[in-house]
Amino acid sequence: MSTKVVIDPITRIEGHLRIEVEVTNGVVTDAKSAGTLFRGFEVLLVGKDPRDASYVTDRVCGVCAGSHNWASSLTLDDDFGAKTPDGGRLIRNLILGAMWLHDHPLQFYHLSALDYLDITAVLKYQGKDPNLLAVKDKVAALAGAGDLYPLAPYYKRDEYCVTDPDLVTTAVYHYLVALEMQAKAKKMAAVFGGKIPLQSSNVVGGVTIQPDLQKIGDYATLLKEIKPFIENVYLQDVLTFGTGPLLPLAQAGVGAGPGNYLAYGGFGMDAHGKTFFPRGVVTNTDLAHVASPDTAKIAEDVRYSWYQQADTGLNPARGKTDYDLDKPGAYSWIKAPRYQGLPMEVGPLARMLVMQPAGLMDIITRYKIKPGAVARHAARAFETVLLANQIEVWLAQLQEMVANGTVQIQDTAHWEPPDQATGNGLTEAPRGALGHWINIQGKKIAMYQLVVPSTWNLSPRDDKGRPGPVESALVGTPVPDTDNPLNVVRVVRSFDPCIACAVHLIEPDSNRIKEFKVGGSPW
């Protein structure tokens, strides 16, 4: 006999997500992922000046804002025929790179790690570290008041929760330090972005900020404070948990997706399209064969989405956003993008399996880690270290240009929109492959489509009934107690969902069987 469990909404993510699973004999046997928010950004862009797109899409989400601005600017570069000079390319990388340094530690410490910690273990800490003793005092005060929020999720602890007082107290201390690091990363991004979130520098053909040695010095100072935390604290914490108490989950591959991975490539390295994070497609977890992605092979199904069925199977270049609230069988505002008919996981794990850096692959091999929830956290932390190191290189290159007086930041010759054009901008957001598509007619936007990371990952079933990556990842997840579906949210949060980006009204018929409030916001 199966039991239906509904978690609505999933908390400690961005946006509105409902997860429904069927549990049989302690294991998830079926799952549905439902985005319950409609925003219509593609619709409201129609008729606007194309140059508005960067600023409008920047407001799709307060977390991924810069990524959408970047993808939109790349789209306009394509349509306008603009060639971003090296100075502009470097500054774009520095703005967005800083935002990644903010986003990835946040995802681990403040959105996911709490699912694996028994916070009450802090009360048993017997060490003498003054920082950890201060944490103990704070947690003791909260416990005495009967209010451990937001550190204690509203689930019972299970066999995978870490109970070692030293380890848990250290993790909670690093949770607090990570808040300070996030603030510094935001300041880094604001040095060249003007303000964060909703930066104002990145435009068609480059950027508007004129760099100088003072700005470069300010950025470098903040980077020197953040980089040791990323290398010596964040990465080490992820490895300590992943190769220690969470190793059974890692080796079992709990939360594995469909085994297909897509990366568009991110952070430009030159004027010829080379990217720091390489582009690639992996199918059936065959890491020996990484293909080059072809956007012509992308189609979005809407059989189970609240959009008109006549518009199903369209490539984003011809995509439509016409909703159908009364559609039989539909259960999500998220479309179902497929690549050559296959559901594709995107994000840090996809990027790292395409890139296959030696250090990470050695850890995966040595500890026999399988793709899944724990592997996603490891990939996210490892790529943050890689990016932080590369940011130092980009900053040095920009400094040399400024010192030599050779820096150029924008292709101003291609500022005016074309009368007619079609194009796209492909990049990597922290959460994965991000693409914008545009059609310009009469110098105005005639069509605009976004296919974002969480559209790929959180998609519902497609027209052939194949589940999306998260739906697939949940099947097989152990849930020994249906009143305590902690493993379900662990798997979902490992994808770092951003539903505000993925669906562009609230479905009134919740059809709830069980409802859980899971954790709380770090804000």
Length added when fully stretched, Gln309-Lys370, from 0.36 nm per residue minus Cα-Cα
18.2 nm
Tell me which lysines have Cα within less than 20 Å of Lys187's Cα, excluding those fewer than 8 residues away on the same chain?
Lys195, Lys215, Lys224, Lys227
From the Cα gyration tensor of the stretch 363-494, with a ≥ b ≥ c the square roots of its eigenvalues, which class applies: rounded if a/c is under 1.5, or else prolate if a/b is larger than b/c, or else oblate?
oblate
Overall form of the stretch 164-263 per C-alpha gyration tensor (a/c, 1.5; a/b vs b/c)
oblate
Whose amide H sits under 5 Å from the amide H of Val479, counting only residues 5 or more places off or on another chain, with H placed in the peptide plane?
Val27, Val28
Express the carbon and sulfur contribution to the solvent-accessible surface of the stretch 128-178 as a percent, rounded to the nearest whole number, probe 1.4 angstrom.
57
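What is the gain in length, in nm to one decimal, between Lys4 and Gln420 on full extension, counting 0.36 nm per residue of separation less the C-alpha to C-alpha distance?
Result for the pair: 144.7 nm of gain on full extension.
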Measuring with a 1.4 Å probe in the full set of protein chains, what accessible area per residue, in whole Å², belongs to the chain?
37
Rounded percent of accessible protein surface that carbon and sulfur make up, the stretch 314-425, 1.4 Å probe:
50
Stokes-Einstein diffusion coefficient for the chain at 25 °C in a medium of 0.890 mPa s, Rh from the Kirkwood formula over Cα pairs: what value in µm²/s?
105
Rounded to the nearest 500, the 222 nm mean residue ellipticity computed for the chain from DSSP H runs (n ≥ 4, each -39500 (n - 2.57)) alone is -11500 deg cm²/dmol
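The values are calculated or read from the model by the stated rules, or taken from the named source; none is laboratory data. None of these values were measured; they are calculated from a predicted model. Heavy atoms of the whole protein, side chains included, go into the accessibility calculation; ligands, DNA and RNA do not. Shrake-Rupley method; radii C 1.70, N 1.55, O 1.52, S 1.80 Å.
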